[in-house]
Amino acid sequence: MLQKLLAVTAIVTLPAGFAFAASHESDDSSGASMEMEITGDAEAGEQVFRKCQACHMVGEDAQNRVGPTLNGVVGRTAGTLEGFNYSDAMVAKGEEGLVWNPETLAAYLENPRGYVEGTKMSFAGLRKEEERANVIAYLAQYSEDGTMGEGS
Ligand code: HEC
């Protein structure tokens, strides 16, 4: 409503620059597909991943540490990596159907304990949306065997 008004006003009275900004804004809020889109910058995500490395590994030699390896985590059902001893809470989430995709990962990484109550991941969360998107793009590069397969 406000945006419509703005757009109309812009056409009638404001300079072209403003009209452009207004119409641009209304684009954003509509059809943003939340499903499997990787929007982050994988290179920047490598820096963010340092915050995870105390507990998680990726790559061909990755092993479970305090946390499970994150090879192939995009597409993994929560709490299902063999050989890792998850919390009951995480296993239950997986049984309820939680699958890690860019959207669910972002929600978990923003507030791990809020999203999976009872998780044993002692991590406060990534507050910045950009950091979440970037680390997800970084993780999405690794296939289950730890190779950097068909980079997406
Ligand atoms: C202090 C250790 C620690 C840190 C730091 C940490 N994690 Fe974790 N993470 C864990 C543990 C432990 C689990 C298992 C949680 C459970 O079973 O409830 C886990 C689980 C996960 C899972 C679910 C995996 C699955 O197989 O279901 C994801 C995804 C994840 N972490 C991503 C991250 C990312 C990305 C970061 C950095 C931004 C990070 N974690 C930082 C310890 C950590």
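Derivation of every value follows stated rules applied to the coordinates shown; laboratory data play no part. Note that the structure is predicted; figures quoted are calculated from it, not measured. Positions of Cβ are generated from backbone atoms using ideal geometry, with glycine treated the same way; all protein chains shown enter the neighbour counts.
Being near the ligand (Cβ under 10 Å from one of its atoms) and polar (S, T, N, Q): is that true of residue 85 here?
Yes; evaluated as a whole, the condition is true for this residue.
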> When you scan the stretch 45-76, how many residues do you find that are hydrophobic (A, V, I, L, M, F, W, C) and touching a His at 6+ places or on another chain (Cβ under 6 Å)?
Replying inline: 1
>> Every residue in the stretch 125-143 that is within 9 Å of the ligand (Cβ to nearest atom) and over 17 Å from residue 87 (Cβ atoms), please.
In response: 126, 131, 132, 135, 136, 138, 139
